[in-house]
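Everything on this sheet refers to the single structure shown next.
The values are calculated or read from the model by the stated rules, or taken from the named source; none is laboratory data. Bear in mind that the values here come from a model prediction, so they are computed numbers and not experimental data. Reconstructed Cβ throughout: ideal geometry from the backbone, glycine too, with neighbour counts over all protein chains shown. Accessible surface areas use protein heavy atoms only, side chains included; no ligands, DNA or RNA. Shrake-Rupley method; radii C 1.70, N 1.55, O 1.52, S 1.80 Å.
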Amino acid sequence: MRLEDYWGVGPKTSETLRESIGVERAVEAIEGADIRTLAEAGLSRGRAVRILRRANGAAGIETLGTRDTRDVYDELLTLASERALTAHAADRIRVLTPLSDVDEREARLDRVLAARDAWVALGDEDRDAVRAAYDAYDEAGGTDRVAVETALKLREAGLRGTAFEALDGLDDDALRAAASALGTVDDDGSVAAGTDEELDRLRARRDAVAELQAGALDVLESIRERGVRSFEEFRAAFVEYVASEADLRRGRVEAAVAADAHDEADFAATSLRHLREELDAAAVERERAVAEDLRESIETAREDVDVAVDAVSETGFTLSLGRFAAAYDLTRPRFVEDGLAVEGARNLSLSGEIQPVSYAIGTHDLGGPDPDADGPDAGGEASGTDGAVRPPSGDRVAVLTGANSGGKTTLLETLAQVVLLASMGLPVPAERADVGQFDTVVFHRRHASFNAGVLESTLKSIVPPLSTGDRTLMLVDEFEAITEPGRAADLLNGLVDLTVDRDALGVYVTHLADDLSPLPSAARIDGIFAEGLTDDLALRVDYQPRFGTVGKSTPEFIVSRLVANADDRAERSGFEALAAAVGEEAVQRTLSDAAWSAE
């Protein structure tokens, strides 16, 4: 395949890859989701990620309908990659894309949740051993030898079952023999130092003799300094000196000395040359024999080695996702044809104590009321026998209203997180979740730019997915922030009607509920309510939406906090004037409640 056949690889990028690593290796890197190799070849990591996402999941990328959707997607994969055991596993996680086939999603969920359970079941010592094994694997660059050693350590840690079945049938003895051989013999038969003691001794002695040969004049001088008076004495001293310096038996040196020589210098030079040649031949023969034995060990275990190499890479990837699921207490979603419903959902971007929420649009059976039955009373919440909040079922659109800083945008983002994780075959941050099939997810955050250009670009990004007739999920935040309120209400009415008309699903956040025309029967209004101030004057919000009722912004709570926190007399006077405008009695009651709570 030509490099330029891949998305994002134009002539310049193709030339960069071809000159730095060659076409074959570049193709292997793209097909193998190897971000590191592409980055080392000269591509920016961001560009490498974009190319690999398209190369390995172009259809899934089309699900991400807006920049804000893609931002949530990127944030999720960043969180997941932080739990990766290896650099390559992190790279593979970063290029995951939504899967269009539900069976593929289910299969990945099986593996990831099995990996999660296996990781949770490990003791601290075994977890440390697994991390250490993968650290060594990463540092060695994932060679065959370290992969085999890692496979043995994973088996010793007891990793078995659904996520690790590739490790189950390996022959430990064969792998240990192969591990000793791998990396010690090259294709040309060269054997690494430290592999065989006898070979190392032969090499050391040969090198010592070669060093003596290079300094033959020094050898002569050292022997003559012993006071030799005849050639026979010189010969004996030479044998003793060389045997000592090269760690050789005297007989070995005696057998190599020159039979005839013109003088002492010729004798020493010829004898050292013969000795070096003999030792070199012995080292070559030993190396050949050792290489043959090593290759035999590797070949005997070749099938197990190949399985181990693949299994260690795949296990590192799956176990990394399992660690992500364990770290955030993620659970298995249920895939349904239509609708989106969550119970006890949490936003992964938040830390600290988080209030889980339940919410739904479309038809679901998480325990909510029958879609044909009357909805809950205004301000009410449908509840099951277990006391959990049960969202209404059957509405195609929800208009979400309520307090500033009340978590409306966070709820939209939470729904986006659930849908995107489920679409990639990953568990989700909710106690229960039903997730429908969506061709496009449109998430639009509030952008406070009040001009025609922003309005036009926003409409061009969110309306086309609705117009195609595909299965679209709309999650739109405060549309009124980009145009004047009166016209924003008209546009929002139009979007709600279009969403219902195209049988899409949508949640629209707004402060303009009172300005909207009557909504279609398949739409409802929900509200989030601020309930007062805490003892330190922080806004106290019930983040669980109340179904079928308009939420209140309750500005008296905000004004109350400003009045209480004002140090300057003039500022306080100004805030007290605002208190009179929004209802002085309500402000005073709020301050009294906060003071009472603090006592």
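Just the number, please: Stokes-Einstein D of the chain in µm²/s, Kirkwood Rh from C-alpha pairs, 20 °C, 1.002 mPa s.
Numbers: Rh = 30.1 Å.
Once the numbers are plugged in, D ends up at 71 µm²/s.
Under a crude label model (7 Å from the Cα following the beta-carbon direction), how far is Arg176 from Ser351 in nanometres?
Going from the Arg176 label point to the Ser351 one covers 4.5 nm.
Which whole-angstrom value gives the distance between the alpha carbon centres of segment 153-202 and segment 485-526?
65
Could you check the simple spin-label distance between Glu240 and Asp266, using points 7 Å along Cα→Cβ, in nm with one decimal?
Those two pseudo-labels are separated by 2.6 nm.
What percent antiparallel are the DSSP beta bridges of the chain, to the nearest 5?
In the chain, DSSP labels about 45 percent of beta bridges as antiparallel.
For the pair Lys552 and Ala577, what calculated FRET efficiency results from E = 1/(1 + (r/R0)^6), where r is the Cβ-Cβ distance and R0 = 22 Å, to the nearest 0.05? Please report the intermediate quantities before stating the final value.
Numbers: r = 22 Å, r/R0 = 0.99.
Calculated value: 0.50.
Using label points projected 7 Å from each Cα along Cα→Cβ, tell me how many nm separate Ser517 and Asp71, to one decimal.
Here the modelled spin labels are 3.2 nm apart.
To the nearest 10 degrees, how steeply does helix 569-582 sit against the main Cα axis of the chain, on a 0 to 90 scale?
Taking the Cα atoms of the chain, the angle to 569-582 is about 60 degrees.
Roughly what angle does helix 302-327 make with the longest principal axis of the chain, taking Cα atoms, 0 to 90 degrees, to the nearest 10?
The two axes meet at around 30 degrees.
Considering only protein heavy atoms and a 1.4 Å probe, what is the carbon-and-sulfur percentage of the accessible area of the chain?
On the way: 12670 of 28190 Å².
Ligands and nucleic acids excluded, carbon and sulfur give 45 percent.
Starting from the Cα-Cα distance between Asp188 and Asp490, subtract it from 0.36 nm times their residue separation and give me the gain in nm to one decimal. Don't skip to the end; give the middle numbers.
Numbers: separation 302, 0.36 × 302 = 108.72 nm, distance 7.71 nm.
Between Asp188 and Asp490, full extension yields 101.0 nm more.
Quick one: length gained pulling Val23 to Trp7 fully straight, 0.36 nm per residue minus the C-alpha distance?
Contour length minus Cα-Cα distance gives 4.2 nm.
Per DSSP H run of n ≥ 4, the term is -39500 (n - 2.57); total these for the chain, divide by its residue number, and report the mean residue ellipticity at 222 nm rounded to 500 deg cm²/dmol. Numbers along the way, then the final one.
Numbers: 23 runs with 330 residues, N = 599.
Using -39500 (n - 2.57) per qualifying helix, the result is -18000 deg cm²/dmol.
Stretch Ala570-Glu62 to full length: gain in nm at 0.36 nm per residue minus the Cα-Cα span?
On the way: separation 508, 0.36 × 508 = 182.88 nm, distance 5.53 nm.
Taking 0.36 nm per residue and subtracting the Cα distance, the gain is 177.3 nm.
Set the Förster distance to 22 Å, then compute FRET efficiency between Asp329 and Asp124 from the Cβ-Cβ distance, nearest 0.05. Before the final figure, lay out each step's value.
Values: r = 19 Å, r/R0 = 0.87.
E(calc), rounded to 0.05, equals 0.70.
Hey, how much of the P(r) for segment 124-171 falls beyond 12 Å, as a percent of Cα pairs?
Values: 690 of 1128 pairs.
Within segment 124-171, distances greater than 12 Å cover 61 percent of Cα pairs.
In whole angstrom, how far apart do the alpha carbon centroids of segment 1-44 and segment 74-99 sit?
20
Roll a 1.4 Å probe over the protein chains and send me the accessible area per residue for the chain in Å².
Heavy-atom accessible area per residue stands at 47 Å².
Mind checking the angle between helix 584-598 and the chain's longest principal axis? C-alpha axes, 0 to 90 degrees, to the nearest 10.
Between the helix axis and the principal axis of the chain, the angle is about 40 degrees.
Relative contact order, percent, of the chain when contacts are C-alpha pairs under 8 Å separated by at least 6 residues?
Values: 1014 pairs, mean separation 84.1, N = 599.
Relative contact order, the chain: 14 percent.
Show which lysines lie in cross-link reach of Lys460 when reach means a straight Cα distance below 25 angstrom and same-chain residues fewer than eight apart are skipped.
In chain and number order, the partners are Lys408.
Using the crude model of +1 on Lys and Arg Cβ and -1 on Asp and Glu Cβ, and no other charge, please compute the dipole size for the chain relative to its Cα centre, in debye to 20.
On the way: 65 positive and 116 negative charges, 257 e Å.
Roughly 1240 debye for the chain.
Residues of segment 199-219 with the amide nitrogen closer than 16 Å to a label point 7 Å from the Cα of Asp293, along Cα-to-Cβ, please.
Zone members listed by number: 199-203.
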